[in-house]
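Here is the structure we will look at, set down as structure tokens.
The values are calculated or read from the model by the stated rules, or taken from the named source; none is laboratory data. Remember, predicted model here, so these are calculated numbers, not experimental data. These accessible areas exclude ligands, DNA and RNA; they are computed on the full protein's heavy atoms, side chains included. Shrake-Rupley method; radii C 1.70, N 1.55, O 1.52, S 1.80 Å.
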Amino acid sequence: MDSTTYLFDLLKIILPALIVAGAIYLLFKQFLEKEQQRRLIELRLESHKTTLPLRLQAYERVVMLLERISPNNILVRLSSAGQSAPDFHRLLQQEIRAEYEHNLSQQLYISGDAWTLVKEAKENVLTMVNRAFHGIQNPSQARGTELAKRILEGLMTDGAEPTAQALAVVKNEAAGLF
């Protein structure tokens, strides 16, 4: 009987101690998990504070790129007066490519789909310029104003601005940041 009493007394001490130790372990584990989640949220917020201005600036620059290479704007910005059609054609191509190359790094901050549309918009504008140039009869003797006129006519017949879709997607993504 003495050993059963001893065993029973031992169980009365050990069992509550094990229950308390298990409860402390579970509480401590939950505390550590919550603390880790809190730290991750803080890191994300800090990262967001740093990257949000960069991403917004990238979206601004991509919108500016698309606006600058749109046929309406580039023809107004670059004067065709006094230039031959081949010279103006070359100038348009150089300007479009330079604008694009100047903004290549912005692809780091926007989605892959949006950047693909930006590339397609650039190619569509170049195609429109090339099609207008090759549509001129005897382009080596034509004036730059004739090329500009052909580009605008092509823009009217196509009915859609070649940069419009990319511009809409980029604006939509930028709005999604808020």
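Rolling a 1.4 angstrom probe over the protein heavy atoms with all chains in place gives segment 1-144 an accessible area of 69 Å² per residue. Shape class of the chain from the alpha-carbon gyration tensor: prolate, with a/c at 1.5 or above and a/b greater than b/c.
Across all Cα pairs in segment 1-51, the calculated P(r) in 5 Å bins from zero up to the longest distance comes to 5, 17, 11, 11, 9, 9, 8, 7, 7, 5, 4, 3, 2, 2, 0 percent per bin. Under 18 Å of direct C-alpha separation, and excluding same-chain neighbours fewer than eight residues apart, LYS171 reaches these lysines: LYS119, LYS122. Mean projection of the Cα convex hull over all viewing directions, computed for segment 27-68: 3.0 nm². Is segment 47-103 best put as rounded, prolate or oblate by its Cα gyration tensor, with a ≥ b ≥ c the root eigenvalues, rounded for a/c under 1.5, and otherwise prolate when a/b is larger than b/c, oblate when not? Here segment 47-103 falls in the prolate category. Could you give me the percent of Cα pairs per 5 Å distance bin for segment 139-178, shortest bin first, beginning at zero and ending with the bin that holds the maximum distance? Spelled out per bin, shortest first, that is 6, 20, 14, 15, 13, 11, 9, 7, 4, 2, 0.
Return the carbon/sulfur percentage of the accessible area of the chain, one whole number, probe 1.4 Å, all protein chains in place. The partial results should precede the final answer.
On the way: 7140 of 11880 Å².
For the chain, the apolar C and S fraction of the accessible surface comes to 60 percent.
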